[in-house]
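The structure under discussion appears below in the form of C-alpha cells.
The values are calculated or read from the model by the stated rules, or taken from the named source; none is laboratory data. This one's a predicted model, so the numbers in the text were calculated from it and none came from an experiment. Note that each Cβ is placed from the backbone with ideal geometry, even for glycine, and that neighbours are counted across all protein chains shown.
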Amino acid sequence: MTKDNKNEQSLGNMEQDRNIELQEELLAEGLNTDENRAGITGLEEQLSADVDNKLQEELAALNDKYLRLAAEFENYKRRTSRERVELLQTAGKEIVSSLLDVLDDTDRASKNLETGDVAQMKEGINLVFSKLRSTLQAKGLKQMEALGSDFDPELHDAITEIPAPGQEGKVVDVVTPGYFLNDKIIRHAKVVVGK
C-alpha cells in the first residue's frame, strides 16, 4: 500500500467513526437515524412536539395572566362601588354636623320666645340667620346676584314679564334667589323680567 492509500483509508475510518458518533447522539435525543426512513420526518416530529409544548406553555401562561387580570379588575369594581356607596351615605355628614350648631341656636331662640322681649328675640333671630348664612357660605354656598342683570335662561327662571321702560330684557324683581354651590348652580333664581 502506498502512503496515499493509507491516508485515504485513515480518513475513511475517521469519517465512519464520526458518523457513528453522530448517530449515537441522535438516538440519545430520540431522533430518526434509520437510513430507510426519510431523515426529515424524525426531525419534523421532534420540532413539531417542541413547538406544541412551547405553545401550550405560552397559552397556559397567558390564560393565567388573563384570569389574574380579570380577578383584579373585579376586585377594583367592587372596591370602587363600595367606596361610592360610603361616600353617598356620608356626603351630607359634614354639612349636617355644621348645621347642628344653628339648630341648637334655633332651639334656644324658641325657648326665649316665651320671655316676651321683642328686641332680644329680634336680635337672637338675626344672629341665628347670620350664623346659618356664614355656615353655608363656608361650605361653598353663594347667593346669585340677579337683580338688575340681563335675563339669562341658564341662571334664571322667568315667572312673568312686566312693562318696564328702559329695563327691557333685564331682571326687575327677584321672587326666589338662586344659589351656587362651589360655582355650580343648585337652584335657579325665579325672577320677573322687564319687557
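Quick notes
- Residue within the stretch 117-132 that is part of a loop (DSSP other than H, G, I, E, B) and without any contact (Cβ under 8 Å) to a residue 40 or more places away in the chain present: yes
- Entry remark, the stretch 91-116: residues being closer than 19 Å to LEU141 by Cβ and either of a type in the set (D, E, K, R) or in a helix (DSSP H, G or I) (or both) number 13 in total.
- You will find that of GLU94, GLU72, the residue that is among the acidic types (Asp, Glu) and more than 24 Å from THR135 (Cβ to Cβ) is GLU72 and no other.
- Pairs meeting the criteria (first residue in the stretch 146-164 and within 13 Å of THR176 (Cα to Cα), second residue surrounded by 13 or more Cβ atoms within 10 Å (Cβ to Cβ) and of a type in the set (Asp, Glu), beta carbons under 8 Å, at least 6 apart or on different chains) are LEU147/ASP173.
- Which listed residue, of ARG84, ARG79, is within 15 Å of the chain's Cα centre (by Cα), under 27 Å from GLY140 (Cβ atoms) and not small (Gly, Ala, Ser): ARG84
- ASN63 vs. criteria at pLDDT below 70 and farther than 30 Å from LEU141 by Cα: no
- Residue list for the stretch 169-194, restricted to those being over 20 Å from ARG133 (Cα atoms) and exposed (fewer than 14 other Cβ atoms within 10 Å of the Cβ): GLY169
- Test: SER134 is within 24 Å of ALA189 (Cα to Cα), hydroxyl-bearing (Ser, Thr, Tyr) and either at pLDDT 90 or above or exposed (fewer than 14 other Cβ atoms within 10 Å of the Cβ) (or both): yes
- Scanning the stretch 134-152 for residues that are in a loop (DSSP other than H, G, I, E, B) and under 14 Å from VAL171 (Cβ atoms) gives MET144, GLU145, ALA146, LEU147, GLY148, SER149, PHE151, ASP152.
- Per this entry, THR160 is not counted among residues that are of a type in the set (Val, Ile, Thr), within 30 Å of GLY92 (Cα to Cα) and touching a strand residue (DSSP E or B) at 6+ places or on another chain (Cβ under 9 Å).
- Residue list for the stretch 102-122, restricted to those being exposed (fewer than 13 other Cβ atoms within 10 Å of the Cβ) and acidic (Asp, Glu): ASP104, ASP107, GLU114, ASP117
- Residue list for the stretch 153-168, filter: in contact with a Lys or Arg (Cβ under 8 Å, 6 or more places away or on another chain) and not in a strand (DSSP E or B): PRO163, ALA164, GLU168
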